[in-house]
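The values are calculated or read from the model by the stated rules, or taken from the named source; none is laboratory data. In this text, all values refer to a predicted model and were calculated from it rather than measured experimentally. As a convention, Cβ positions derive from the backbone with ideal geometry for all residues, glycine included, and neighbour counts pool all protein chains shown.
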2 protein chains.
Amino acid sequence: MIIIGERLNSTRHPVLQAMERRDKKYLIDEAKKQEAAGASYIDLNAAALLDKEVETLRWAIPILQKELSIPLSIDTPNPEAMEEALKVHRGQAIMNSLSGETKRIKTFLPLVSKYRPRVIALCLDDEGLPRSSDKELSIATRLVSLLRKEKLGLEDIFLDPLVRPVAVDQKAGELFLESLEKIKKNFPRIKTVAGISNISFGLPRRKLLNRTFLVLSLKAGLDAAILDPLDKEIMAALSAAEALLGKDPSLKNYLKFIRSGKW
Amino acid sequence: MIIIGERLNSTRHPVLQAMERRDKKYLIDEAKKQEAAGASYIDLNAAALLDKEVETLRWAIPILQKELSIPLSIDTPNPEAMEEALKVHRGQAIMNSLSGETKRIKTFLPLVSKYRPRVIALCLDDEGLPRSSDKELSIATRLVSLLRKEKLGLEDIFLDPLVRPVAVDQKAGELFLESLEKIKKNFPRIKTVAGISNISFGLPRRKLLNRTFLVLSLKAGLDAAILDPLDKEIMAALSAAEALLGKDPSLKNYLKFIRSGKW
């Protein structure tokens, strides 16, 4: 599983505060801990800083990249912030995210063309939340076709089926897994990704639900997850699931994880 | 998920000792705790008492049934012990287990006919461990046909695909899940069951692997599991998985489990 560390998100209050007071040390520490825990990308969201978002990203990206050996995933719906971030990012960042919404395509697709990032493509369009896995597949198909026209490689695309809270719709878990299976079957060479924690919104013991959902998602074909790699229980569940699903040759990673004493 | 409590097994040393010294209190306590924790059946295995197995079962069954409101699952390969147990058991017990082995069919099938228990039918025959899900399905098909000739109801059959240790064969997890899916697809009205803990044999942190495998198995169509209901983490994982897979209307059981403070 490819892990995109989710902790550097301005919706988390300590992160917002650290960004506001330009606390390099806090942000670097949060990023490095996630890298050490197994993240392959660090998600960076400064959207809660509103009119300071652009300057915060411009400040934070070089500081973080100096200390990290992995790229950032730039998490914003704001095209100006996305462009500034992609401009200052060294190497290939992830654009998080493109979607099938007209406005998003219009503003973000030119940035794909210009900066050639990896792209998370969210299976959502102007009609709002898709009600079926076929609808999600059709949005995915359209997004793949748009990205391929920009000559983006298959390896640079992450398709992101929507995760809705099971507290709102009891079929949300099944719908996600079904969409994921369908998308993976249709695009076996394209990676899938999800921010799985939305599944548990509004319910008690969210981490229990999140790690259980991650295990189910791995089986259904999830290649990458936006999660908190410092949550030892989710990392343990992931390690066990990879061992059980033949995704861990000789169980090497499982045994290494257990012996590391991290859990 | 239908839970068959696995703790009253003579391969566990304290249980063996309690059986040897005829410690009613210990056995009743183990059984009642499992019932309180959500078991629908209590598995009872006295096979390690060897030549004392039959008399131990004859002694223990009435004592346990007096205190329980759920039936026992009689776990023995010994036809004499099975017959004695089914004879003294009030109401419908589970026979654990019939298999496709010639000797087992010859000795156990007449007991099915005579005592009409529920039956766990293990997908194994004289050729030893099946190497493919198609082979397991064909054994399952033969066992269903034999049991239906005895006029056993579909609701009284539990098909048990083999769980092999992933430490021995890295494909063991996938093979089990594939067999389970195939069997469930072919026999949607027949229940499936497994003793999942065999998956983790020989590896560290077995409980982590067991509960992760249970989550994967629930998704693949497992209806019943032989497990330790006093393991709070496996019960939590199961509760979360049922909530996420639409098997818990209004998330009532999940919320009840969390609010009970059991975990």
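A few remarks follow.
- Check on A:Pro117, at pLDDT below 95 and on the phi < 0 side of the Ramachandran plot: no
- Here is the figure for segment A:161-196: residues that are in contact with a helix residue (DSSP H, G or I) (Cβ under 6 Å, 6 or more places away or on another chain) and modelled with pLDDT under 95 total 1.
- Only listed residue being out of contact with any strand residue (DSSP E or B) (no Cβ under 6 Å at 6 or more places or on another chain), surrounded by 18 or more Cβ atoms within 10 Å (Cβ to Cβ) and under 26 Å from B:Phe213 (Cα atoms), chosen from B:Glu53, B:Glu30: B:Glu30
- A count restricted to segment B:78-109 and to residues that are crowded, with 22+ Cβ neighbours inside 10 Å and on the phi > 0 side of the Ramachandran plot stands at 0.
- Taking segment B:175-195 as the range and being free of Cβ contacts under 8 Å to residues at least 40 places away in the same chain and either among the polar types (S, T, N, Q) or within 14 Å of B:Pro130 (Cα to Cα) (or both) as the test, only B:Thr192 passes.
- Considering (1) in a helix (DSSP H, G or I); (2) surrounded by 20 or more Cβ atoms within 10 Å (Cβ to Cβ), the lone condition that B:Arg142 does not fulfil carries the number (2).
- Checked against the criteria, A:Arg189 does not count as on the phi > 0 side of the Ramachandran plot and charged (D, E, K, R).
- Only listed residue being away from every other protein chain (no Cβ under 14 Å) and out of contact with any Pro (no Cβ under 7 Å at 6 or more places or on another chain), chosen from A:Gly100, A:Gly91: A:Gly100
- Considering the conditions (1) within 14 Å of chain B (Cβ to nearest Cβ); (2) part of a helix (DSSP H, G or I); (3) not β-branched (Val, Ile, Thr), A:Asp134 is excluded by exactly one of them, (1).
- Residues located in segment B:110-133, provided they are in contact with an Asp or Glu (Cβ under 7 Å, 6 or more places away or on another chain) and over 15 Å from B:Ser99 (Cβ atoms): B:Ser113, B:Arg118, B:Ser133
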